[in-house]
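Working notes, beginning with the structure itself.
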Amino acid sequence: MMDTTHLHITTWVIGLILFFVTYSMLKGGNPKAKMMHMITRLFFILIFLSGGMLISDFGVYATKMIVGLLVIAFMEMVLVRTAKRKSTGVMWTLFILSLLFVLYLGFSLPLGITIF
Ligand code: HEM
């Protein structure tokens, strides 16, 4: 399943980059920010689909899936709240914590790269 692992890594790396690009565009009031947000959401779906394709045993991967979904949810909350000019401190903190946790889980689970 090495190819699907690479697909999954590609989608979340691009998704993370798009998240930061969209964030700065929303923050700067760029008129194209809404369009970038849509593209970013497309990658959120691709992260979920490629991750779902890696699930062979739900008992083993349930935590990985839930935390992965939380990462996506917190990125979306940061973007929506930035667009609405609301505070984002709590969402940034939750995003970073869940991201660290999901990276730890991903790299300690058996498929692909196992560094922890
Ligand atoms: C931004 C969100 C996500 C990040 C940063 C992320 C990160 C990772 C990483 C680092 C790996 C390990 C790759 C490797 O070992 O080479 C991985 C594997 C995996 N991910 Fe995700 N992931 C995310 C979202 C998701 C979601 C939403 C799902 C489920 C729908 C999911 C399911 C999986 C599964 C099943 C694996 C295989 C674990 C293994 O045995 O190595 N991920 N992910």
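FYI, it's all coordinate maths here, none of it is from the lab. Bear in mind that the values here come from a model prediction, so they are computed numbers and not experimental data. A quick note on method: Cβ atoms are made from the backbone with ideal geometry, for glycine too, and the neighbour counts reach across all protein chains shown.
So is S24 of a type in the set (S, T, Y), within 14 Å of the ligand (Cβ to nearest atom) and free of Cβ contacts under 8 Å to residues at least 60 places away in the same chain or not? Against the criterion (of a type in the set (S, T, Y), within 14 Å of the ligand (Cβ to nearest atom) and free of Cβ contacts under 8 Å to residues at least 60 places away in the same chain), S24 does not qualify. Taking the criterion of being under 12 Å from the mean Cα position of the chain (by Cα) and free of Cβ contacts under 8 Å to residues at least 24 places away in the same chain, the residues of the range 50-77 that qualify are M65, I66, L69, A73, M77.
Only one of these is in a helix (DSSP H, G or I), out of contact with any Leu (no Cβ under 6 Å at 6 or more places or on another chain), of a type in the set (A, V, I, L, M, F, W, C) and over 19 Å from T11 (Cα atoms): L97, L70, L79. Name it. If you could, list the steps in order and put the result at the bottom.
On the way: L70 fails: over 19 Å from T11 (Cα atoms); L79 fails: over 19 Å from T11 (Cα atoms).
L97 is the lone residue from the list that is in a helix (DSSP H, G or I), out of contact with any Leu (no Cβ under 6 Å at 6 or more places or on another chain), of a type in the set (A, V, I, L, M, F, W, C) and over 19 Å from T11 (Cα atoms).
Scanning the range 94-113 for residues that are more than 6 Å from the ligand (Cβ to nearest atom) and either more than 19 Å from S50 (Cα to Cα) or of a type in the set (V, I, T) (or both) turns up L94, F95, I96, L97, L100. Would you mind stating whether R85 is crowded, with 17+ Cβ neighbours inside 10 Å and of a type in the set (D, E, K, R)? Criteria not met by R85.
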